[in-house]
Amino acid sequence: MPEKVISQKKVLILCVDRDNDLGRKTGIIGPVIGREKNLDAGTALLLKDPEESDGNAIFATVKKFDELSKEFREIEIATLTGHKDRGWNSD
């Protein structure tokens with residue numbers, strides 16, 4: 001069976017916490033870059049607020065990172081944070 005070809009494309013997987021729940025609830029300042037730092041941030045956020053959807057979004061992003069790591073040689077993950085007021089401040 002031939003080996004799977006790994007793509008040379010560069011991939012960035014983003015998670016966006018538009019209203020900065022991560023920062024407001026944990027004190028973690030974005031951007032959060034790297035798999036382990038995102039796992040730590042997601043864990044910290046869900047420990048503060050187990051119903052926080054941004055925590056679930058971070059974990060879903062890590063899951064996608066793990067899946068795509070098998071296909072792409074150069075891949076990174078980052079969580080971006082916005083502002084509590086959303087709108088132009090956040091964007």
So the angle from the long Cα axis of helix 35-48 to the longest Cα principal axis of the chain, reported in degrees to the nearest 10, equals 30 degrees
To the nearest Å², the heavy-atom accessible area per residue of segment 10-54 with 1.4 Å probe amounts to 60 Å²
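Net charge around Val32, counting only other residues with Cβ within less than 13 Å of its Cβ (Lys, Arg = +1; Asp, Glu = -1)?
My count for the surroundings of Val32 gives -4.
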Asserting the computed 222 nm helical MRE of the chain (DSSP H runs at least 4 long, -39500 (n - 2.57) per run, divided by residue count, to nearest 500) equals -13000 deg cm²/dmol
Summing +1 per Lys or Arg and -1 per Asp or Glu among the other residues with Cβ less than 12 Å from Leu22's Cβ gives -1
Quick tally, 1.4 Å probe accessible area for Asp49, Asp21, sorted with the most first, runs Asp49, Asp21
Here the net charge surrounding Glu52, from other residues whose Cβ is less than 12 Å away from its Cβ (Lys, Arg +1; Asp, Glu -1), is -3
Taking protein heavy atoms only, a 1.4 Å probe, and rounding to whole percent, the accessible area of the chain owed to carbon and sulfur comes out at 54 percent
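The values are calculated or read from the model by the stated rules, or taken from the named source; none is laboratory data. Bear in mind the structure is a predicted one, so any value in this text is a computation, not a measurement. Please note: Cβ atoms are built from the backbone with ideal geometry, for glycine as well, and neighbour counts cover all protein chains shown. Only protein heavy atoms, including side chains, enter the accessible area calculation; ligands, DNA and RNA are left aside. Shrake-Rupley method; radii C 1.70, N 1.55, O 1.52, S 1.80 Å.
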